[in-house]
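One structure is given below, encoded as structure tokens.
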Amino acid sequence: MPAPLLSPDWFRERRYALLVGIALSILYLWLVAFRGEFEIHIDSPGKDATFFKVYWAGEGQDYSESRSRRARIRTGSYQLKVPVGNLGGIARLRIDPIEYAGEVTIRSVALGQTGFEEIILGPGELSTLAPLAQIETLETTGEGLRVVTSGRDGNVEWRVSPRRSDGIPWIHPANVLLILGACLLLASSAARLVSENNYVVAGLITATVLAAIMATVSTIYTHPDEHVHLEAVKYYGDHWLPPSLDSPDIAHTFSDYGKSRLSTYELYYPVAGYFTRLLAPLKTADLINARSFNVLLLAVLLLIAAARSRFRYFALPLIISPQVWYLYSYPNSDGFELMLSVIAAWQIAVSDSALNRFLGEERPRRFLLCVLMFGALAGALLLGKQTFWFFLLFLLFYLLWRMRLGYYPDVRRVWLRVAMLAGVALVMVGTRVALDYAANGPDPRAKFQEYVEKTAKPQYKPSTPKEDKHIYLNLRDRGKDLDVVLQFLDWGTVTFATAFGSYGYTQYYASDDYFAAVRWLVCLLLGAMVVYALINGPPEMHVLILLAAACATLLVCASIWNSWNENFQAQGRYMAPILPMISIVYYHIRHYVGPRLIATLALSLFALGVYSFIFVGLSRIAKTSYYMAVG
């Protein structure tokens with residue numbers, strides 16, 4: 001019988017929820033209530049990418065990296081918001097607009113915090129900003145403050161005198177009560193949420209809704225490659241077969257790098273293009289139609305999770321990062337291939353799945369359907385991005401691991417049926433290659449290189465002297481050590497950030513505190529899985545963890561190698577194949593790890609992800625009216 005409401009026994013049963021609520025309340029007060037927000041409207045017409053930084057200090061304090069925040073910017077106009085310290089202790093701010101010698105225009109700056117009067121400097125008031133170091137020109141124009149820096153560390157100073165506002169900021173006590181109430185409510189339903197991983201379904205519902213909102217709030221491009229993805233999808237909305245690279249129908253599909261997504265073998269583009277034909281009668285914008293397909297992919301994963309409880313183990317990694325949900329809000333092939341990988345992981349790991357019945361039973365049902373269906377799944381992954389080949393490599397090792405442990409009664413039969421699936425996959429690959437040969441001649445790769453040279457911008461052309469190429473290209477050929485990639489360009493930090501919450505043209509990030517919290521929770525989640533499995537699990541589980549870690553490490557090394565030798569691309573989406581690897585490991589070690597611990601850590605990451613997606617992604621993505629876009 002449940003304890004009476006608010007009785008000592010009631011509180012005793014929920015003591016852990018109260019402790020979590022108190023910890024979250026303290027975190028809220030530290031990260032939100034006692035933090036100011038610095039906002040700047042800045043125009044950066046210079047180089048491709050740099051960091052804007054702001055430092056803060058009290059009277060008599062020196063500026064310090066521990067009291068600073070930064071935001072990544074590219075060429076364009078930005079309305080940046082970054083958290084700073086408590087305004088009660090701030091007297092000066094140092095603004096570092098760019099990290100190179102160049103020019104920017106500051107249109108306005110503002111500083112605010114609940115309980116303080118907001119301080120705003122518009123275009124006519126920015127003359128109060130004083131030069132500190134490496135400032136060549138500082139002049140007020142009709143547009144704002146023109147700043148010309150003479151080096152990598154040019155900065156100006158803003159002296160402020162924050163004044164407390166009248167009244168009590170009731171919003172913070174109210175939010176603390178909401179946090180405590182939410183924790184107690186979750187504690188009351190914890191058993192139901194943890195049972196059969198129901199929280200994964202709830203998380204996927206939220207993620208799908210958020211992805212759908214992100215897909216429809218804007219009808220302008222909100223991702224650097226979105227227009228290239230869209231043009232490839234639109235081509236297959238009007239054509240059935242791959243094009244010739246010199247066809248005038250695809251001249252507009254080439255990127256600045258001289259590459260078109262239509263030159264790849266990925267199945268995403270024809271499948272998405274054929275899907276958009278179904279939406280043509282709705283007369284909606286092409287961009288919305290293409291985004292709708294990716295939202296549908298996430299909805300498919302949600303429906304499978306709702307119908308199959310064991311699939312939730314494999315969908316669990318999808319709710320821990322908002323970057324995954326973002327992949328399903330705009331046209332790109334990564335979301336498609338991640339969906340196929342998660343389904344493949346589910347089918348190969350669950351002993352009584354359709355795939356394992358096909359591999360292990362002497363007379364499985366729907367034999368021919370299984371051959372075609374799972375062969376096509378393997379073929380689609382083979383035709384996909386090379387990053388997902390590392391997941392296929394892990395599946396091969398995993399299959400050998402299962403055979404070694406006796407999961408299949410007849411190993412010879414398994415190899416025979418794997419050969420059948422491989423045959424279907426190779427027929428798919430061969431057909432796609434043959435279609436490319438038919439369109440582009442016997443040497444399509446040579447034709448591709450020819451069109452890269454013809455259509456790329458000068459700084460990306462293969463024939464351009466290396467000293468004149470883009471600064472992120474061919475770093476090794478330019479004599480740059482690997483340390484330049486890992487330390488100066490900070491490959492690890494940027495990759496982690498773009499794996500757990502960057503939006504738009506990768507310029508919208510959450511605060512460093514958000515990423516610090518995510519980093520700790522991810523380490524705790526993975527650490528708990530590994531430690532519990534090593535302590536409680538048998539040796540074969542140790543081997544499985546090593547196999548997954550080896551394949552994941554190979555993927556990381558390949559990404560670093562590509563950034564050093566080809567093009568610096570520190571993008572978290574390249575790490576997506578690691579998620580289904582983790583899910584397979586978790587499915588096998590689930591009996592050795594406390595489900596409530598995993599649920600607590602996963603839901604904590606999910607809650608941070610919802611915050612990032614809404615208050616960083618959705619709030620900062622440029623929004624337009626649908627009617628303006630199509631009318």
Inset, instruction - Give the residue that is nearest to the chain's Cα centre (by Cα), with candidates limited to residues of the stretch 370-401 that are surrounded by 14 or more Cβ atoms within 10 Å (Cβ to Cβ) and without any contact (Cβ under 8 Å) to a residue 24 or more places away in the chain. - result: Trp389
Legend entry - Filter result for Leu544 (under 22 Å from Ala345 (Cα atoms) and surrounded by fewer than 16 Cβ atoms within 10 Å (Cβ to Cβ)): no
Inset, instruction - Please specify each residue of the stretch 198-232 satisfying the condition of being touching a Pro at 6+ places or on another chain (Cβ under 7 Å) and not acidic (Asp, Glu). - result: His229, Leu230
Inset, instruction - Determine which single condition Tyr514 fails, assuming it passes every other condition in (1) surrounded by 18 or more Cβ atoms within 10 Å (Cβ to Cβ); (2) part of a loop (DSSP other than H, G, I, E, B). - result: (2)
Inset, instruction - Look through Glu196, Glu231 and report the one residue that is more than 17 Å from Tyr503 (Cα to Cα), at pLDDT below 90 and charged (D, E, K, R). - result: Glu196
Legend entry - Of residues in the stretch 123-158 being within 13 Å of Ala101 (Cα to Cα) and part of a strand (DSSP E or B), the one nearest to the chain's Cα centre (by Cα): Asn155
Legend entry - Within the stretch 529-631, helices (runs of 4 or more DSSP H) holding 2 or more residues that are under 26 Å from the mean Cα position of the chain (by Cα) and at pLDDT below 85: 595-612
Inset, instruction - Under 9 Å between Cβ atoms, at least 6 apart or on separate chains: pull out the pairs that start in the stretch 149-161 with a residue that is without any contact (Cβ under 8 Å) to a residue 60 or more places away in the chain and end on any residue that is of a type in the set (Ser, Thr, Tyr) and assigned to a loop (DSSP other than H, G, I, E, B). - result: Thr149/Tyr100; Gly151/Tyr100; Arg152/Tyr100; Gly154/Tyr100
Inset, instruction - Can you give me the number of residues within the stretch 355-369 that are surrounded by fewer than 20 Cβ atoms within 10 Å (Cβ to Cβ) and either more than 13 Å from Arg413 (Cβ to Cβ) or in contact with a Gly (Cβ under 9 Å, 6 or more places away or on another chain) (or both)? - result: 4
Inset, instruction - Tell me, yes or no, whether the stretch 288-301 has at least one residue that is surrounded by fewer than 19 Cβ atoms within 10 Å (Cβ to Cβ), hydrophobic (A, V, I, L, M, F, W, C) and either outside the structural domain of Lys447 (by TED's automatic domain parsing) or not in a helix (DSSP H, G or I) (or both). - result: no
Inset, instruction - Give the residues of the stretch 200-211 that are in contact with a helix residue (DSSP H, G or I) (Cβ under 6 Å, 6 or more places away or on another chain) and either surrounded by fewer than 24 Cβ atoms within 10 Å (Cβ to Cβ) or over 18 Å from Leu185 (Cα atoms) (or both), sorted by residue number. - result: Val201, Leu204, Ala207, Thr208, Leu210, Ala211
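The values are calculated or read from the model by the stated rules, or taken from the named source; none is laboratory data. Keep in mind the model is a prediction, meaning the values are calculated, not measured. Here Cβ is always computed from backbone atoms with ideal geometry, including for glycine, and neighbour counts include all displayed protein chains.
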